[in-house]
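Colleague: For reference, the structure I am asking about is given below.
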Protein chains: 2
Amino acid sequence: MNILFFLTPKNEVAYLFEDETLRQALEKMEFRKFSCIPILSRDGKYTGTISEGDLLWAMKRMSISDMKDAENVSIMTILRRATFKPVHVDSNIEDLLDRAINQNFVPVVDDKGSFIGIITRKVIIKYCYSEMKRLSALKGE
Amino acid sequence: MNILFFLTPKNEVAYLFEDETLRQALEKMEFRKFSCIPILSRDGKYTGTISEGDLLWAMKRMSISDMKDAENVSIMTILRRATFKPVHVDSNIEDLLDRAINQNFVPVVDDKGSFIGIITRKVIIKYCYSEMKRLSALKGE
């Protein structure tokens, strides 16, 4: 089974570029209402993922409450608490589940390391739910 | 199958009381490193769940960067973006999966509505993973 079946493609995902600022991160996250978003290089490579919590603790540490100050902070200087490791587009479902155990979502990259989208835990749990029902029915459990 | 099998009990979970402040929420969340934590009444009833994002947007809206100001904000006045519905301790695995599709974790309550712990998506995905393997092996798929 191909994991592309589960993909939310890049054009439906909010993301940041690594040369953007804390202000841009705040604006994008508040507007799009995602709790974590991927960071890409300008040539489309996946670089990492930043969360609302990362922004919160950075602002607390730096005592920032003003959007003017947030303009001067590069997102790449913000400490990221969690690592969101990507999977390759050719990974199998086991690799995907294995990664989803420890991450809120799984970024997907192609052969060149270019970001092509994400797979959410929501979609994975939905799939598991229907698959477990199907297998149980076949087995008569 | 009993969902208690999946429970992280209350004594291992960080939580807030509904009469606590934004400052206390920040301190507890920063120290315990959870991205969302449940709110309880003083008599142990589950009231809701607050996330790092909720704190972030509240502080941005109120231009708070100082812990002194955060002391004067009750956590119950902070807008919560997501609803984390609890399941009853006697719920079945389908109810649990159904809820986990839309929530980062599932709070569990007893007959009296008292909070007894949470079930994380991590534990649910781990279970699905092993169950799918078991059923596939039985079926020879």
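Colleague: Against the condition over 19 Å from A:Met29 (Cα atoms) and either in contact (Cβ under 8 Å) with a residue 12 or more places away in the chain or hydrophobic (A, V, I, L, M, F, W, C) (or both), how does A:Val109 come out, does it pass?
Modeller: On the way: over 19 Å from A:Met29 (Cα atoms): yes; either in contact (Cβ under 8 Å) with a residue 12 or more places away in the chain or hydrophobic (A, V, I, L, M, F, W, C) (or both): yes.
In short, yes.
Colleague: Return yes or no: is A:Ile39 more than 9 Å from chain B (Cβ to nearest Cβ), under 17 Å from the mean Cα position of the chain (by Cα) and aliphatic (A, V, I, L, M)? Explain how you work it out, then say what you get.
Modeller: Values: more than 9 Å from chain B (Cβ to nearest Cβ): yes; under 17 Å from the mean Cα position of the chain (by Cα): yes; aliphatic (A, V, I, L, M): yes.
So A:Ile39 passes the test.
Colleague: When you go through A:Leu79, A:Leu96, A:Leu55, A:Leu135 one by one, which is the residue that is of a type outside the set (S, T, N, Q) and touching a residue at least 40 places away in the same chain (Cβ under 8 Å)? It would help to see each step written out before you state the result.
Modeller: Working: A:Leu79 fails: touching a residue at least 40 places away in the same chain (Cβ under 8 Å); A:Leu55 fails: touching a residue at least 40 places away in the same chain (Cβ under 8 Å); A:Leu135 fails: touching a residue at least 40 places away in the same chain (Cβ under 8 Å).
Exactly one of A:Leu79, A:Leu96, A:Leu55, A:Leu135 is of a type outside the set (S, T, N, Q) and touching a residue at least 40 places away in the same chain (Cβ under 8 Å), namely A:Leu96.
Colleague: Which residues, taken from segment B:17-51, are acidic (Asp, Glu) and surrounded by 15 or more Cβ atoms within 10 Å (Cβ to Cβ)?
Modeller: Within segment B:17-51, the first condition is being acidic (Asp, Glu), and the residues that meet it are B:18-20, B:27, B:30, B:43.
Of everything in segment B:17-51, those that are acidic (Asp, Glu) and surrounded by 15 or more Cβ atoms within 10 Å (Cβ to Cβ) turn out to be B:Glu20, B:Glu30.
Colleague: Within segment A:105-128, take every residue that is at the interface with another protein chain (Cβ under 7 Å from one of its Cβ atoms) and surrounded by 19 or more Cβ atoms within 10 Å (Cβ to Cβ) and give me the one that is nearest to A:Asp43 (Cα to Cα). Don't jump to the end; show me each part of the working.
Modeller: The initial filter retains those residues of segment A:105-128 that are at the interface with another protein chain (Cβ under 7 Å from one of its Cβ atoms), namely A:121-122, A:124-126, A:128.
If we keep only those that are surrounded by 19 or more Cβ atoms within 10 Å (Cβ to Cβ) as well, we get A:121, A:124-125, A:128.
Numbers: A:Arg121: 27, A:Ile124: 29, A:Ile125: 32, A:Cys128: 35 Å.
Here the answer is A:Arg121.
Colleague: Quickly run through segment B:70-86 and pick out the residues that are away from chain A (no Cβ under 14 Å) and buried (at least 18 other Cβ atoms within 10 Å of the Cβ).
Modeller: Those that are away from chain A (no Cβ under 14 Å) and buried (at least 18 other Cβ atoms within 10 Å of the Cβ): B:Ile75, B:Pro86.
Colleague: Applying the selection to segment A:47-69, what residues are out of contact with any strand residue (DSSP E or B) (no Cβ under 7 Å at 6 or more places or on another chain) and more than 8 Å from every other protein chain (Cβ to nearest Cβ)?
Modeller: Residues satisfying the conditions are A:Asp54, A:Ala58, A:Arg61, A:Met62, A:Met67, A:Lys68, A:Asp69.
Colleague: Restricting segment B:108-141 to residues that are assigned to a helix (DSSP H, G or I) and of a type in the set (A, V, I, L, M), which is modelled with the lowest pLDDT? Talk me through it step by step, then tell me what you get.
Modeller: So the first thing to find is which residues in segment B:108-141 are assigned to a helix (DSSP H, G or I), and the list is B:121-139.
Keeping just the survivors that are of a type in the set (A, V, I, L, M) gives B:123-125, B:132, B:135, B:137-138.
Working: B:Val123: 94, B:Ile124: 92, B:Ile125: 91, B:Met132: 79, B:Leu135: 76, B:Ala137: 72, B:Leu138: 67.
Ranking the qualifying residues of segment B:108-141, first place goes to B:Leu138.
Colleague: If I filter segment A:1-16 down to residues being surrounded by 19 or more Cβ atoms within 10 Å (Cβ to Cβ) and out of contact with any Gly (no Cβ under 9 Å at 6 or more places or on another chain), which single residue comes out as nearest to A:Asp90 (Cα to Cα)?
Modeller: Result: A:Ile3.
Colleague: Could I ask something else about it? Mind checking whether some residue in segment B:7-29 is modelled with pLDDT under 95, within 11 Å of another protein chain (Cβ to nearest Cβ) and at positive phi?
Modeller: No, that holds for no residue.
Colleague: Would you confirm whether or not segment B:52-63 contains a residue that is surrounded by fewer than 20 Cβ atoms within 10 Å (Cβ to Cβ), touching a Phe, Trp or Tyr at 6+ places or on another chain (Cβ under 9 Å) and not charged (D, E, K, R)?
Modeller: no
Colleague: Check A:Lys33 against each of (1) touching a residue at least 12 places away in the same chain (Cβ under 8 Å); (2) within 12 Å of chain B (Cβ to nearest Cβ); (3) not small (Gly, Ala, Ser) and name the one condition it does not meet.
Modeller: (1)
Colleague: Let me ask another. What helices (runs of 4 or more DSSP H) lie completely within segment A:3-107 and have 3 or more residues being in contact with a Leu (Cβ under 7 Å, 6 or more places away or on another chain)?
Modeller: Working: elements: A:22-32, A:52-62, A:67-70, A:93-100.
Answer list for segment A:3-107: A:22-32, A:52-62.
Colleague: Given the criterion acidic (Asp, Glu) and modelled with pLDDT of 95 or more, identify the matching residue among A:Asp54, A:Asp69.
Modeller: The match here is A:Asp54.
The values are calculated or read from the model by the stated rules, or taken from the named source; none is laboratory data. Just so you know, these numbers come straight off a predicted model, no measurement behind them. Ideal geometry is used to build each Cβ from the backbone, glycine not excepted, and the neighbour counts take in all protein chains shown.
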